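Participant: Here it is: the structure, laid out below.
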Amino acid sequence: MKFSMTVGALVAATSTAFAPSSTLRGSSALNMALKDGQTPIVIGLAADSGCGKSTFMRRVTSTFGRENCGPLGGGFGTEGGWETNTLVSDMATVICLDDYHLNDREGRKVSGLTALNTAEQKFDLMFEHVQALKNGETVMKPIYNHVNGTLDTPEKIEPTPVIIIEGLHPFVDERVRDLIDFSLYLDISADVKLNWKIQRDMEERGHSLESIMASIEARKPDFDAYIEPQKEFADYVIEVLPTDLDEEDKQTLKVRAIQKKGVADFNPTYLFDEGSEVTWTPSADKLSSPAPGMKLSYTQEQYFGNDVAVLTMDGTFDNIQELVYVESNLGNANSKFYGEVTQAMLSLADSPGSNNGTGLMQTLAAFAIRELFNKKSAAAKLAANKEVAAAA
């Protein structure tokens, strides 16, 4: 299988709401043209709602460069803007797979099915569009309006060097999986999801604990049936769990990067010694960490029958600049220079997860995507040069 991830996307902005339009929507004014003979790479990111896809997109986008990045068409409030879920930059296009819902919100009330159910997704159209974009062709993609729950007028999507498809079902259809060059899955444990939802809905929105629990339980059967099984197809899984350092601690996170071995153009990041088994408690003098402390590990495991290398960070750090101490002991981090991982973390210091393993693993995944793109681009250029030489 090609490189796949259940994780996220390449643009800095998050989806915003725009006013519907009665005419077909055109492409963005950004310079998104492919070079002659260039084939886009396709990245797949799978995750449940509220699992940090937007934050991950910002990290990936900043790795490629963030110039000229935003909603397709400029967004609501700009001249000619419309409601869109599509994000674009000079390098990348991020497509939200909610746009391939079969029914609008009212239609799902009639069918009695949730948006997580695969029967509510247009997989044939999804495949046709991803295939066309990878072939360098323009498509007219539908829009699912998250504000009012309607299916809006389609918008024009032009191919860019990197195409990211993100959402609930990127790996369900085998035809789509075969088009993906790298796949990620953001795997947030049930306990962490509950803690996050309580913090957001109870502390910030005033919801009752009973209503929060009811919402989670109502969603769980479809998540278990249709979303979680896609982990099997991911090349890179970012798993977020409660800390093992203090069972009473509900805030500190243990984050694992589960990296499939043997994937073309991808070498898993390791700690100290590739292929080894390592548990490491960093010096408190070099990496200050609040209670319950900090522990990293690097292990060789099996995941859905595949050999994987697992890099783990359990704990929180106080000063992002000190992360360079950890970075100096990582191999295959795909950084261009010493300290680039730490620099990337500092550039998004206010983003969620920037003081724990969530931000670190997302940054390492973003660097892996960049390296994958560079390797595939170099290989394609070499092949083209050989073809020209042979024809001369």
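Participant: Post the alpha-carbon centroid distance, region 328-366 to region 123-170, in whole angstrom.
Facilitator: Between the Cα centres of region 328-366 and region 123-170 lies a distance of 30 Å.
Participant: Say R0 is 35 Å: what FRET efficiency, to the nearest 0.05, do D104 and A190 get from their beta-carbon distance?
Facilitator: The computed FRET efficiency comes out at 0.75.
Participant: Another question, then. Divide by every residue of the chain the summed helix terms, -39500 (n - 2.57) for each DSSP H run of at least 4, and state the resulting mean residue ellipticity at 222 nm, rounded to the nearest 500 deg cm²/dmol.
Facilitator: For the chain, the value works out to -8000 deg cm²/dmol.
Participant: Could you work out how much longer the chain between A291 and Q251 gets when fully extended? Use 0.36 nm per residue separation minus the Cα distance between them, nm to one decimal.
Facilitator: Using 0.36 nm per residue and subtracting the Cα-Cα distance, I get 13.3 nm.
Participant: Please give the contour-minus-distance gain from L113 to S215: 0.36 nm per residue of separation, less the Cα-Cα distance, rounded to one decimal in nm.
Facilitator: That pair, L113 and S215, stretches by 35.2 nm at full extension.
Participant: Taking the Cα centre of the chain as origin, work out the dipole magnitude from +1 charges on Lys and Arg Cβ and -1 charges on Asp and Glu Cβ, in debye rounded to 20.
Facilitator: Working: 36 positive and 55 negative charges, 193 e Å.
The calculated dipole for the chain is roughly 920 debye.
Participant: Further, regarding this structure: Placing +1 on the Cβ of each Lys and Arg and -1 on the Cβ of each Asp and Glu in the chain, which of V255, A383, L348 has its Cα farthest towards the positive end of the resulting dipole?
Facilitator: A383
Participant: Can you give the accessible area of M213 in Å² (nearest 10), computed on protein heavy atoms with a 1.4 Å probe?
Facilitator: Ignoring ligands and nucleic acids, M213 comes out at about 70 Å².
Participant: In debye, nearest 20, what is the charge dipole magnitude of region 95-203 about its Cα centre with +1 on Lys and Arg Cβ and -1 on Asp and Glu Cβ, if you could check?
Facilitator: It works out to roughly 200 debye.
Participant: Using mean Cβ contacts within 10 Å as the protection proxy, how do 375-386, 326-337 order, highest first?
Facilitator: For the peptides 375-386, 326-337, the packing ranking is 326-337, 375-386.
Participant: On a full-extension model of 0.36 nm per residue, what is the gain between K375 and A390, subtracting their alpha-carbon distance, rounded to one decimal in nm?
Facilitator: Net length gain for the segment: 3.1 nm.
Participant: Something else: Which residues' amide hydrogens lie under 5 Å from the amide hydrogen of Y185, considering only partners 5 or more residues apart or on another chain, with H built in the peptide plane?
Facilitator: It is T6, V7, A46, Y236, V237, I238, by chain and number.
The values are calculated or read from the model by the stated rules, or taken from the named source; none is laboratory data. What you are looking at is a predicted structure, and each value in this text was computed from that prediction instead of being measured. Glycine also receives a Cβ, built like all others from the backbone with ideal geometry; neighbour counts cover every protein chain displayed. Ligands, DNA and RNA are excluded from the accessible area calculation, which covers all protein heavy atoms including side chains. Shrake-Rupley method; radii C 1.70, N 1.55, O 1.52, S 1.80 Å.
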